[in-house]
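Notes for the one structure printed next.
The values are calculated or read from the model by the stated rules, or taken from the named source; none is laboratory data. Fair warning: this is a prediction, and the values are worked out from it, not measured in the lab. Cβ: placed from backbone, ideal geometry, glycine included. Neighbour counts: every protein chain shown.
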Amino acid sequence: MRILAIETSCDETAVALVEAKGGLDPSAGSGLRFKILKNLVASQIKIHRPYGGVVPNLAKREHLKNLPILMGEILKISNFQFPISKQIPNSKSKILNTIDLIAVTIGPGLEPCLWTGINFAKELYSKLRTHNSKLKLVGVSHLEGHLYSFLLSQKSQWSIVNGQWSKIFPAISLLVSGGHTILLLMKDLVHYKKLGETRDDAVGECFDKVARLLGLPYPGGPEIEKLALRQAQDRPNVIHFPRPMMNQKNYDFSFSGLKTAVLYYLRDLRNNSNQVEPQRVEAEIRGYQCRITRKNFISVNQRISAAAADIAAAFQAAAFDVLINKTLRAAKEYKAKSILIAGGVASNKTLQKQFKSSVKSQLSNVNFFAPTKKFCTDNAAMIAVAGYINYLQGKPRKLNSVELRGKKHRLIAQGNLTI
Ligand code: KG4
Ligand code: ZN
């Protein structure tokens, strides 16, 4: 089955063409497999960066601009336009006629952005349906997209995870993105339940806010990761931030207190001129390529940038300690065979490394899976996978109705859709 997937929930416009095979029954033999034919993402980072975060109306405008461009590239139609005009019936694109399923993200996310994808998908579906009566349209939860991203592997190769269900389930899945921090128990691919989630900020949101405090650009996650790696080898643990809720028995999280701890640390640094040793400051400033030759005078901001690598590393260590600790505890309690991580924060190499070594030392029989970077951050290939899994479960695909997790929803934008 060939799936065209559309993702516009936040600040990435993404379209993918994915080939899918197999069913959900692990004993069926053929296994569930995916092959990515195209996976295009138009990032809007540069547009939102000056504002320090995503501006919904600008994001919507960019989705409207980018969707036809990406679609034209996928379908190999030049000047593909939106609204989709008469070009479809007359189109010479062979690809269009091979699509069996259109999958589109319906939530959670920014509603004006979600609507652009949904309207685009509906229009495409109505036009194509006149030629292809078997075409289906399915609405997809963005969170399920992340949850299933572990099933994806490189472009033009069939995914390799298939057929290994006995090594995977039951699984503990940690979904860490800009909007969510959720821990789930997956009995199998389609039966899962939420064990806990953040009570305030999502961990990605916390990375973005701390980055802002440190004067780093949006999105903050990759910037904090880079800065933390610059911390001198001989200075681990020079700063210790709290690990909120880490030792509580539940599986909920809280990150806003950690952000506030960083804020207070910076305030104290500003107020206390003796906090940073002069040699350290000089070395750091050289590292930041500040052209400072005077040895005796260091401004407040320079002092903060001097300590920035230590702060970034300490913040990251605190956040990751909580995530890893709780995930491993859940894996022990539920006798999980694997730990899966997903979402933008999961692309952090330090997090992946720490997860791997903790799993190896504490739960040596448990497998650990992290998607490659491009499948951690928002993409449409994961929406195709979730769309196919929904399709296999026989979810209704009437144009204005969609079923997710046993509940009927209209095929409309659902900004607050939960998992
Ligand atoms: O999954 P995603 O692309 O979009 C949402 O669904 O939210 O996640 C975006 C979030 C942002 O908060 C971003 O700062 C964070 O993921 N992120 C990272 C890294 N790359 C992206 N956080 C930590 N380390 C990274 N390398
Ligand atoms: Zn996402």
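Some points to look at:
- Complete set of residues in region 2-56 that are in contact with a Phe, Trp or Tyr (Cβ under 7 Å, 6 or more places away or on another chain), over 20 Å from His142 (Cα atoms) and not basic (Lys, Arg): Pro26, His48, Gly52
- Under the condition of being within 21 Å of the chain's Cα centre (by Cα), more than 16 Å from ligand 2 (Cβ to nearest atom) and either outside any helix (DSSP H, G or I) or hydrophobic (A, V, I, L, M, F, W, C) (or both), the residues counted in region 325-350 number 3.
- Hits in region 351-378 (condition: within 16 Å of ligand 2 (Cβ to nearest atom) and surrounded by fewer than 20 Cβ atoms within 10 Å (Cβ to Cβ)): Thr372, Lys373, Lys374
- Considering Glu333, Glu403, the condition of being away from ligand 1 (no atom under 12 Å from the Cβ), closer than 25 Å to Pro242 by Cα and either at pLDDT 95 or above or out of contact with any His (no Cβ under 6 Å at 6 or more places or on another chain) (or both) is satisfied by Glu333 alone.
Okay, residues lined up against (1) within 14 Å of ligand 1 (Cβ to nearest atom); (2) modelled with pLDDT under 95:
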{"position": "Ser305", "(1), (2)": "no, yes"}
{"position": "Ala309", "(1), (2)": "no, yes"}
{"position": "Ala318", "(1), (2)": "yes, no"}
{"position": "Arg329", "(1), (2)": "no, no"}
{"position": "Ile341", "(1), (2)": "yes, no"}
{"position": "Gln352", "(1), (2)": "yes, no"}
{"position": "Phe355", "(1), (2)": "yes, no"}
{"position": "Gln362", "(1), (2)": "no, no"}
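- One residue from Val190, Val203, Val140, Val176 being more than 16 Å from ligand 1 (Cβ to nearest atom) and β-branched (Val, Ile, Thr): Val190
- For region 255-264, the criterion of being assigned to a loop (DSSP other than H, G, I, E, B), within 15 Å of ligand 1 (Cβ to nearest atom) and under 15 Å from Ala319 (Cα atoms) is met by at least one residue.
- Helices (runs of 4 or more DSSP H) lying entirely in region 124-224 (those with 1 or more residues that are free of Cβ contacts under 8 Å to residues at least 24 places away in the same chain): 203-213
- Considering residues of region 138-176 that are touching a helix residue (DSSP H, G or I) at 6+ places or on another chain (Cβ under 7 Å) and surrounded by fewer than 24 Cβ atoms within 10 Å (Cβ to Cβ) only, the residue modelled with the lowest pLDDT: Val161
- Residue selected from region 213-243 under the condition within 20 Å of the chain's Cα centre (by Cα) and among the charged types (D, E, K, R), by the criterion farthest from Gly394 (Cα to Cα): Lys226
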